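Laboratory data are not the source of any read-out in this text; all were calculated from the coordinates shown. None of these values were measured; they are calculated from a predicted model. Heads up, the Cβs are rebuilt from the backbone with ideal geometry, glycines too, and the neighbour counts pull from every protein chain shown.
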Amino acid sequence: MTANKTVTTDLYLRVQQFYARQMHAQDSGRHDDYADTFTEDGVFAFGPGLEPAVGRETIRALLTDNSVVGGDDPVQVRHWFNQLVLEPRDDGAFDSRFYALVVNTRPGGTPEFVTSAFVHDVLLIDDDGILMRSRTLSPDHLA
Amino acid sequence: MTANKTVTTDLYLRVQQFYARQMHAQDSGRHDDYADTFTEDGVFAFGPGLEPAVGRETIRALLTDNSVVGGDDPVQVRHWFNQLVLEPRDDGAFDSRFYALVVNTRPGGTPEFVTSAFVHDVLLIDDDGILMRSRTLSPDHLA
Amino acid sequence: MTANKTVTTDLYLRVQQFYARQMHAQDSGRHDDYADTFTEDGVFAFGPGLEPAVGRETIRALLTDNSVVGGDDPVQVRHWFNQLVLEPRDDGAFDSRFYALVVNTRPGGTPEFVTSAFVHDVLLIDDDGILMRSRTLSPDHLA
């Protein structure tokens, strides 16, 4: 049985929509909604060499802190995803691997691409929804 | 009943393909084909603070005029979309919200990103096809 | 019968996943895997005015050569695709047309977009998989 057989069209599309909603939340500053896409014991490895944030509450604090860093900077951040590959794991979860670009726009400015990254998520998927057991970011400029 | 239940995989994919064809039309200068994706009484709110274009013929004229602005500029414009979220409305139409980037390339040049925007469409979808009742553009640099 | 009717949701999604896997291969330097996505007699027209590479082995050599051009340059290349339009051909194959962006990131640097292109593939699709009979690249800066 190949990955193509077990990753159904419906599943692939549900994941695309899950990510779209998740990034609309993040880029609108709804950090609670983003944090809620992790499992209670989820792991967010947000950069190589950095201690991962473990647990939804820790992740929530991290996301909120990060958003505060900008302070009064009136930047609109948008996260773009592309080239999504899903594969079933032996443990029943799914590996999700894709490209991400982070683009910032300030009032009167043009889009600035600040980061290109490879992302690896482990997703728990059932009829009720999708949760992230982990997200691991690998920014290309830190490779 | 949640949005996830009523926005089927087929519907989500039909909208993706609708947008791909629409943008191939726009970026190839087939403004009639783009205008025809609006309803007869469609509304194109193409920028905050600007009077929306109302009605397919008015929109057609706007699209053609806009394309003329460049004059002899041999620019190839491409519109990219990402992070599409579809949700059913109470009135039977669908809210479609997504990110857009406009990238210009001139002969011998490299890609220039001129606009990052948030787009909100209201779509009428039936077995025959998809039409836009409205499109509202919110460029990030005008936020 | 319209293209919308014959390009099923499943087919459209299979092509999306095919491209995602293909580009993960290319951007990871797995040139054999990329070459294997062409038919044995596949044609890779990689630029206007350039002699196309014909046959999987010739394409394999081209891909490997191109990757060597960079030499010691520690660049991470990523290929992004968007606005995919699929249409059935009279000969049973499918025309696949989409936008591509090539983005380079070097250690400590920010993403650099080097090419925006229009891509036209002819795809052979059956239950076993997808193969490219041809790929034709039309970079926007050479238009």
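Can you tell me which residue in region A:87-115 is surrounded by the fewest Cβ atoms within 10 Å (Cβ to Cβ), limited to those that are within 14 Å of chain B (Cβ to nearest Cβ) and under 13 Å from the mean Cα position of the chain (by Cα)? Steps first, answer last, please.
Of the residues in region A:87-115, the ones within 14 Å of chain B (Cβ to nearest Cβ) are A:98-114.
Checking the rest, the ones that are also under 13 Å from the mean Cα position of the chain (by Cα) come to A:98-102.
Values: A:Phe98: 20, A:Tyr99: 23, A:Ala100: 21, A:Leu101: 25, A:Val102: 17.
Checked region A:87-115; the qualifying residue surrounded by the fewest Cβ atoms within 10 Å (Cβ to Cβ) is A:Val102.
Restricting the search to region C:106-143, which residues are among the aliphatic types (A, V, I, L, M) and assigned to a strand (DSSP E or B)? Steps first, answer last, please.
Taking region C:106-143 first, the residues among the aliphatic types (A, V, I, L, M) are C:114, C:117, C:119, C:122-125, C:130-132, C:137, C:142-143.
If the condition is that a residue be among the aliphatic types (A, V, I, L, M) and assigned to a strand (DSSP E or B), then C:Val114, C:Ala117, C:Val119, C:Val122, C:Leu123, C:Leu124, C:Ile125, C:Ile130, C:Leu131, C:Met132, C:Leu137 are the ones that fit.
Considering B:Glu57, B:Glu40, B:Glu51, which residue is exposed (fewer than 14 other Cβ atoms within 10 Å of the Cβ), part of a helix (DSSP H, G or I) and not polar (S, T, N, Q)? Break it down into steps so the answer makes sense when it comes.
Details: B:Glu40 fails: part of a helix (DSSP H, G or I); B:Glu51 fails: part of a helix (DSSP H, G or I).
Result of the check over B:Glu57, B:Glu40, B:Glu51: B:Glu57.
If you check A:Asp72 against the conditions, is it surrounded by fewer than 14 Cβ atoms within 10 Å (Cβ to Cβ) and either at positive phi or part of a loop (DSSP other than H, G, I, E, B) (or both)? Steps first, please.
Details: surrounded by fewer than 14 Cβ atoms within 10 Å (Cβ to Cβ): yes; either at positive phi or part of a loop (DSSP other than H, G, I, E, B) (or both): yes.
Here the answer is yes, as A:Asp72 does meet what is asked.
Listed here are the residues, each with its yes/no results for (1) in contact (Cβ under 8 Å) with a residue 12 or more places away in the chain; (2) among the aliphatic types (A, V, I, L, M); (3) in contact with a Lys or Arg (Cβ under 7 Å, 6 or more places away or on another chain).
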site: A:Thr37; (1), (2), (3): yes, no, no
site: A:Gly47; (1), (2), (3): yes, no, no
site: A:Asp65; (1), (2), (3): no, no, no
site: A:Arg78; (1), (2), (3): yes, no, no
site: A:Gln83; (1), (2), (3): yes, no, no
site: A:Leu86; (1), (2), (3): yes, yes, no
site: A:Asp90; (1), (2), (3): no, no, no
site: A:Asp95; (1), (2), (3): yes, no, yes
site: A:Asn104; (1), (2), (3): yes, no, no
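Pick from region B:116-140 the residues that are within 10 Å of chain A (Cβ to nearest Cβ) and under 21 Å from B:Ala53 (Cβ atoms): which of them is surrounded by the most Cβ atoms within 10 Å (Cβ to Cβ)? If you could, list the steps in order and put the result at the bottom.
First, pick out the residues of region B:116-140 that are within 10 Å of chain A (Cβ to nearest Cβ): B:116-118, B:138-140.
Then drop every residue that is not under 21 Å from B:Ala53 (Cβ atoms), which leaves B:117-118, B:138-139.
On the way: B:Ala117: 23, B:Phe118: 20, B:Ser138: 15, B:Pro139: 19.
My answer is B:Ala117.
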